[in-house]
Structure formats: C-alpha cells, structure tokens
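As structure tokens, the structure follows; a few thoughts come after it.
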Amino acid sequence: MKRYPILNIWVDDCTMETALRQVDSFIKSNTGLKTIFASNPEKNYSVPENKILYDSFKNADLLIPDGIGMVLAANFLHGAQIKRVPGCELMQNICKLAADKGYKIFIYGAKEEVNKSAAEEIQRTYPSVKISGRQNGYLSEEKMDGLIKRINESEAQILFLALGSPRQEMWISKYRHQLTNIKVCQGIGGTLDVLAGNVKRAPEIYCNMGLEWFYRLISEPKRIKRQAKLPLFAIQVLIQKF
Ligand code: UDP
C-alpha cells in the first residue's frame, strides 16, 4: 500500500475494502500489535510538535484518509485517486468483520454512559460480536496496570481506543509493549459518542459534498479553534505544490 507524504504527515492509499483486508491479515499473521490512526489536516500541526506522537504516527501500520482534506491534498500533490475512509465507518466494519470471524473486541474510552450504550449498540447491530471487555476513558494512571491486565485476560485481538487525539496515540505508544494479545488497535476518537447517539454524524448530503467538517463546525461551534487550521492547511498545500 502506498503512503503519501502530505506536508508534515502522511496518508495511506487505502479503500474501505483494502483497509478491512489489512485488518484481517494483521490478526491472522500474528506478527505483533498493529496500529490504525486517522489522518486529517489538524494532525499536520499537532503531530510534529511531539516526538512520541510523531513516531507513533509515522510508524503506524495504517493511516486512513479520514477527512476530505487529506483526499484533496493527496490528489492535488500526488495525483492520487484516494477516497475517504471515515474512521467511524471503518470501526463499525471492523466490528462486522469481528462478528463474522469470531474475533474479540475491547472498547476503551469516552464517558461511562457513552461507552456502555455504544457497546450495547454494537452488540445490537452485530449480535454475534464478542465484546470481551470495555472501560470508560476516565481511569486514573494508577489503575492502568489493572486495565492492561484486564485487556490481556480478555483475549481480545482488537482494541478500540476512544480517548480523542492525541491522547489515544500517546496511550498506545506508552502501553503497546504490555499488551500481549491485541493484534489491531484503532484510534477512534469520538466515534463512541456517535454510536451512543450523543453526537450526530453529518447528513449524507454533507458527506457527499465533502462538507462533513462544515456540519461538525455548525453543530459544535467550539471546534472553531481546531478547524481554523483548515484554511492554513489548504494554503500550505498550495505552496508545496507550486
Ligand atoms: N475522552 C476520554 N478520556 C479523556 C478525554 C476524552 O475518553 O480523558 C473521550 C471523550 O469522552 C470523547 C473522545 O475522547 O468521547 C474525544 O472525542 P473528540 O471528538 O474530541 O475526538 P477526535 O475524534 O476529534 O479525536
């Protein structure tokens, strides 16, 4: 799979189908823990600022084109014909894969009621999926050893981390070597809030027009600080091209 450099970060030339095939082969090949993170314009600014974050992002096994910004930039800079692979859709498709293949999942992150109702929603949608454990994302550092033990004993092969970015990338880079059975770890940000019905995804028309970011901005105006980076990203992509 080709990896394209976009300013200070990267994005992989994957589709939903190839990403899912990768996940399945990561689990079957049994060659250690593989990480999947979402690549988007905001991370172009946050990732290089922190060496641990930078390394964990650079060494990620799959960097999905989560936002339209990455798709347009990869196309513009490299002529790549990639399409969006939204992290929340990939997560749900991994749950389906897990249900079909009998893989076990562990869900760590978000508020307790969000984590619980998202887990119930996943179980309702994919009745045969084995959720072998879950934990809300507000655990103190002293209790982390206990959580690692629970994840290992749950025998889950798939870990969904919903701590938001960069917290989830930092967490996995700190604890990955203690996770003895996890084969695939996906950073899923605020996906559990969507599954629990707390946060609405943009209607299809916004997604089809590449305007999901705009919908999120008008429905959560506090994201303005993060989204203010988008025009800067577009200008820097233009500068890199010319
Ligand atoms: N979160 C958490 N623990 C924390 C801080 C945040 O589990 O200490 C959760 C929070 O409840 C929310 C998610 O992380 O569910 C952050 O979502 P956001 O939309 O900010 O993440 P993004 O998708 O933008 O990375």
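The values are calculated or read from the model by the stated rules, or taken from the named source; none is laboratory data. Being a predicted model, the structure only gives us computed values, none of them experimental. FYI the Cβ positions are ideal-geometry reconstructions off the backbone, even for glycines, and counts take in every protein chain you see. All accessible areas refer to the heavy atoms of the entire protein, side chains included, with ligands and DNA or RNA removed. Shrake-Rupley method; radii C 1.70, N 1.55, O 1.52, S 1.80 Å.
So which residues in the stretch 1-17 are exposed (fewer than 14 other Cβ atoms within 10 Å of the Cβ) and either among the charged types (D, E, K, R) or at pLDDT 95 or above (or both)?
Narrowing the stretch 1-17 to residues exposed (fewer than 14 other Cβ atoms within 10 Å of the Cβ): 1-2, 5, 17.
Once the filter is applied, which keeps residues that are exposed (fewer than 14 other Cβ atoms within 10 Å of the Cβ) and either among the charged types (D, E, K, R) or at pLDDT 95 or above (or both), the stretch 1-17 yields LYS2, PRO5, GLU17.
For the stretch 221-239, enumerate the residues that are without any contact (Cβ under 8 Å) to a residue 24 or more places away in the chain and basic (Lys, Arg).
LYS222, ARG223, LYS225 - these are the residues of the stretch 221-239 that are without any contact (Cβ under 8 Å) to a residue 24 or more places away in the chain and basic (Lys, Arg).
Away from the ligand (no atom under 15 Å from the Cβ) and either of a type outside the set (A, V, I, L, M, F, W, C) or open to solvent by 70 Å² or more (accessible area, probe 1.4 Å) (or both): which single residue out of PRO127, PRO86 fits that description?
Matching residue, one of PRO127, PRO86: PRO127.
Name the residue that is farthest from LYS174 (Cα to Cα), counting only residues in the stretch 46-61 that are of a type in the set (S, T, N, Q) and surrounded by 13 or more Cβ atoms within 10 Å (Cβ to Cβ).
Top of the filtered list is SER46.
Going by the conditions given, is GLN168 among the polar types (S, T, N, Q) and near the ligand (Cβ under 9 Å from one of its atoms)?
Criteria met by GLN168.
What about ILE27, is it open to solvent by less than 40 Å² (accessible area, probe 1.4 Å), out of contact with any Asp or Glu (no Cβ under 8 Å at 6 or more places or on another chain), among the aliphatic types (A, V, I, L, M) and under 20 Å from GLY210 (Cβ atoms)?
No.
Tell me yes or no: at least one residue of the stretch 99-115 is more than 16 Å from the ligand (Cβ to nearest atom), over 22 Å from ALA202 (Cα atoms), assigned to a strand (DSSP E or B) and over 17 Å from the mean Cα position of the chain (by Cα). Full working, then the answer.
Going residue by residue through the stretch 99-115, those that are more than 16 Å from the ligand (Cβ to nearest atom) are 99-105.
Add one more test, that the residue is over 22 Å from ALA202 (Cα atoms), and what stays is 99-105.
Filter again for assigned to a strand (DSSP E or B), leaving 104-105.
Within this subset, residues satisfying the condition of being over 17 Å from the mean Cα position of the chain (by Cα) are 104.
Yes, the stretch 99-115 has at least one match.
Inside the stretch 89-117, can you point out the residues that are closer than 26 Å to SER25 by Cα and either small (Gly, Ala, Ser) or in contact with a Gly (Cβ under 8 Å, 6 or more places away or on another chain) (or both)? Spell out how you get there, then give the answer.
Here is the first cut: in the stretch 89-117, the residues closer than 26 Å to SER25 by Cα are 89-109.
Hits for the stretch 89-117 are ALA98, ALA99, GLY102, PHE106, ILE107, TYR108, GLY109.
Name the helices (runs of 4 or more DSSP H) wholly inside the stretch 43-82 in which the number of residues that are among the hydrophobic types (A, V, I, L, M, F, W, C) is 2 or more.
Of the helices (runs of 4 or more DSSP H) lying wholly inside the stretch 43-82, those with at least 2 residues that are among the hydrophobic types (A, V, I, L, M, F, W, C) span 51-58, 68-78.
Can you report the number of residues in the stretch 130-141 which are among the hydrophobic types (A, V, I, L, M, F, W, C) and away from the ligand (no atom under 13 Å from the Cβ)?
Quick first cut of the stretch 130-141, residues among the hydrophobic types (A, V, I, L, M, F, W, C) only: 131, 139.
With away from the ligand (no atom under 13 Å from the Cβ) added as a condition, the list becomes 131.
The qualifying residues number 1.
Determine if the stretch 145-161 includes at least one residue that is within 13 Å of the ligand (Cβ to nearest atom) and crowded, with 19+ Cβ neighbours inside 10 Å.
Yes, there is a match, as at least one residue in the stretch 145-161 is within 13 Å of the ligand (Cβ to nearest atom) and crowded, with 19+ Cβ neighbours inside 10 Å.
Considering only residues that are crowded, with 24+ Cβ neighbours inside 10 Å and among the aliphatic types (A, V, I, L, M), look in the stretch 183-208 and name the one that is nearest to the ligand (Cβ to nearest atom).
LEU192
Give me the pairs, please: first residue somewhere in the stretch 91-110 and within 16 Å of THR35 (Cβ to Cβ), second residue anywhere and among the polar types (S, T, N, Q) and more than 16 Å from the ligand (Cβ to nearest atom), beta-carbon distance under 8 Å, and either six or more positions apart or on two chains.
Qualifying pairs under 8 Å: ILE105/SER132; ILE105/GLN157; PHE106/SER132; PHE106/SER154.
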